[in-house]
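Written below as structure tokens is the structure these notes are about.
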Amino acid sequence: MSRGAVTTPVLDPATEDTWLIDHAVRARLQEGAGRPRTARQIVFVLELLVVLACIPQLGLLPLATLPLVVVAFVAADKLMPRVARPEVVYAAAWATAQVVIASTAIATGGPDSPLLMWLGIPIATGVGRFTARGLVAGVGLTLALLVAATVGADPGRVADAPYLLAFPLSLVCGIALVGSALMRSEVEHRADAIVDPLTQMLNRKALAARGRELALQSEVSGRPVGVVVGDLDHFKAVNDLQGHQAGDAVLREIAYRWRTTLRAYDLAYRLGGEEFVVLLPGATAAEAEGLAEQLRLAVRGEPIAGTTVTMSFGVAVSGAGGFDLDTHFARADAALYAAKDAGRDRVVLSAAA
């Protein structure tokens with residue numbers, strides 16, 4: 001590969017952190033299938049059964065409006081893998097559900113409507129899908145709708161029986177507080193299992209999980225995925241001549257240089273030893289190769305612990321809608337060995353499969 005101009009990759013316009021979501025939870029939001037969707041479908045069925053059983057008391061309006069919520073989330077599921085801002089699509093579906101529930105509650109008794117309790121269900125789904133600020137905004141919207149459906153609909157009734165507002169209000173706030181605390185604890189424990197303690201990069205276990213997610217996303221969206229594998233040149237000599245403490249310092253500095261070169265959503269992984277990987281959803285071959293060259297230049301830019309360190313890279317890119325981590329990692333790894341054989345300190349792009 002030429003070591004001249006470096007192509008700046010433009011991989012995914014969807015990926016800057018926003019007040020709604022950050023890169024750490026974006027993959028979970030974009031998940032096309034799995035337990036969250038199955039659980040939501042079960043909830044919809046339960047709600048339908050409850051609404052059917054309560055037609056004599058509540059009338060047909062809840063039965064007529066429930067499909068609006070279902071359609072909103074089904075449409076969001078189909079759109080999220082294909083748009084630049086999936087969090088906005090999900091937030092719109094989420095807000096639609098709350099507005100529909102509150103409007104139906106107003107029409108079926110206002111402060112006396114049992115549908116007010118359903119405002120807590122979307123709050124539970126928002127936990128873990130948005131940042132803390134996004135969740136606070138969602139709770140704020142829900143509380144505003146709750147007040148509108150109770151005090152706004154019949155202030156006299158709420159004045160006579162304030163518990164009609166206090167109970168659903170405490171339910172919404174309680175779900176948000178407990179759910180967010182549990183989610184933070186889960187994220188912290190997960191980080192202990194998937195983060196390499198030396199470099200603070202994600203490890204092999206995290207790579208396998210992300211590979212499965214990208215395989216599903218690629219199948220749905222038809223977009224390719226790039227794999228960049230990097231391996232330090234002559235790293236054994238660093239350990240042998242300067243000691244393992246110097247070797248650890250080199251690995252930590254390499255991780256730092258990668259982090260300052262990659263964007264926040266370009267997740268990098270340390271597989272062990274001196275081997276590192278980056279997964280690039282949506283990357284073309286030129287973009288993935290260009291990013292690998294940027295990383296190569298960052299590594300050799302300045303000496304580390306008084307030693308000039310270089311790195312060799314192998315790059316592979318899947319076809320549209322056909323990503324498999326094992327297959328494309330093997331291709332990138334073979335390209336890495338070709339880079340080593342060609343003299344090291346270079347990038348080699350695997351031929352198209």
Which whole-Hz ³J(HN,Hα) couplings does the range 177-182 yield from phi under the Karplus relation 6.51 cos²θ - 1.76 cosθ + 1.60, θ = phi - 60°, glycine and proline marked x?
-> 5, 5, x, 5, 5, 5
How big is the accessible area of residue 170 in square angstrom, nearest 10, if you roll a 1.4 angstrom probe over the protein chains?
-> 70
Solvent-accessible heavy-atom area per residue, rounded to whole Å², over the range 140-234 at 1.4 Å | 51
So what is the relative contact order of the range 256-353, in percent, for Cα pairs below 8 Å that sit 6 or more residues apart?
-> 25
Debye sum, Cα scatterers, the range 193-324, no solvent: what log₁₀ I/I(0) at q = 0.11, 0.14, 0.18 1/Å?
-> -0.39, -0.62, -0.96
Accessible carbon and sulfur surface of the chain relative to its total accessible area, %, 1.4 Å | 63
Which value in nm describes the separation of the simple spin-label points at residue 234 and residue 68, placed 7 Å from the Cα toward the beta carbon?
-> 7.0
To the nearest 10 square angstrom, what accessible area does residue 177 show with a 1.4 Å probe?
-> 120
Solvent accessible area, Å² - residue 219, 1.4 Å probe, full protein context = 130
Going residue by residue through the range 107-120, the Karplus relation 6.51 cos²θ - 1.76 cosθ + 1.60 with θ = phi - 60° gives ³J(HN,Hα) values, rounded to whole Hz and with x marking Gly or Pro, of 6, 10, x, x, x, 8, 6, x, 5, 4, 5, 5, 5, x
Provide the per-residue ³J(HN,Hα) series for the range 153-164, in order, calculated from phi with Karplus coefficients 6.51, -1.76, 1.60 and θ = phi - 60°, each as a whole number of Hz, with x at glycine and proline positions.
-> 7, 7, x, x, 5, 5, 5, 6, 9, x, 5, 5
Amide H neighbours of residue 202 at under 5 Å, excluding residues fewer than 5 places away on the same chain, with H built from the backbone geometry, are 196, 268, 270
If the cut-off is 20 Å between C-alpha atoms, which lysines fall inside it for residue 340, apart from same-chain ones fewer than 8 positions away?
-> 236
For the range 249-292 versus the range 145-181, the gap between their alpha-carbon centres in whole angstrom | 48
Cα gyration tensor of the chain, axes a ≥ b ≥ c as square roots of the eigenvalues: rounded (a/c below 1.5), prolate (a/b > b/c) or oblate?
-> prolate
Of the peptides 135-143, 41-49, 57-65, how do they stack up when ordered by the mean number of other Cβ atoms within 10 Å, highest first?
-> 135-143, 57-65, 41-49
Once the Cα gyration tensor of the range 264-337 is diagonalised, semi-axes √(5λ) in Å | 24, 13, 11
0 to 90° range, to nearest 10: angle between helix 61-79 axis and the chain longest Cα axis = 10
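The values are calculated or read from the model by the stated rules, or taken from the named source; none is laboratory data. Only a predicted model underlies this, so the values are computations on that prediction, with no experimental measurement involved. FYI the Cβ positions are ideal-geometry reconstructions off the backbone, even for glycines, and counts take in every protein chain you see. Protein only, heavy atoms only, side chains kept; ligands, DNA and RNA dropped before computing areas. Shrake-Rupley method; radii C 1.70, N 1.55, O 1.52, S 1.80 Å.
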